[in-house]
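The values are calculated or read from the model by the stated rules, or taken from the named source; none is laboratory data. A quick note: this is a predicted structure, and the numbers were derived from the prediction, not measured. All Cβ positions, even for glycine, are placed from backbone atoms using ideal geometry, and neighbour counts span all protein chains on display. Quick note on the areas: whole protein, heavy atoms, side chains included, nothing else; ligands and nucleic acids left out. Shrake-Rupley method; radii C 1.70, N 1.55, O 1.52, S 1.80 Å.
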Amino acid sequence: MNKTRVEIVAGNQLLYTIYNSPVGKLLLAGDQDALQRIQFEYSINPAKSWIENKSAFNKAIDQLDQYFKGVRTTFDLPLNPQGTLFQKSVWSQLEKIPFGQTKYYGQIAQEIGNPKASRAIGMANNKNPIPIIIPCHRVIGKNGSLTGFAGGLTIKQQLLDLEFKHFSFSF
């Protein structure tokens, strides 16, 4: 049986647009007030009830363009990621990781005051609904290895390479 997804957020219907980025197509979705999600090309799946509206995401698109050109190191957008209190605390910590730098899961666990939560940090990282802007790609394994990323390890490496390339210009 095929069910239609209907998502209403704070009384507003979700809006979306497709953004052609250097790492592939990205779906941007949210309401008039805030960006709520970014989906990578392989998982783009707007609900039939969503309304396509590119102009609602002009600021996000401008900032993403600047990021991919290496001239923007932080984002200044209203965000409304949907998740548990724990997930939101992790995502808030991810936003503090500076452009061009990485941290490992254990460091994030220490920073949120739960040093044994490395695995839970990984799961919250995996559920990040606004990748790139909430920079979950900056979290790596303790040994420096790349670990899971919703967009795939190739895109994670591309994002890190972009940031490392422009890192000296971010001060």
Identity of the residue in the range 1-57, at pLDDT below 90 and in a strand (DSSP E or B), that ends up least open to solvent (accessible area, probe 1.4 Å): V9
Close pairs (7 angstrom Cβ cut-off, 6 or more residues apart or separate chains): free of Cβ contacts under 8 Å to residues at least 60 places away in the same chain in the range 24-46, acidic (D, E) and open to solvent by 50 Å² or more (accessible area, probe 1.4 Å) anywhere: K25/E41
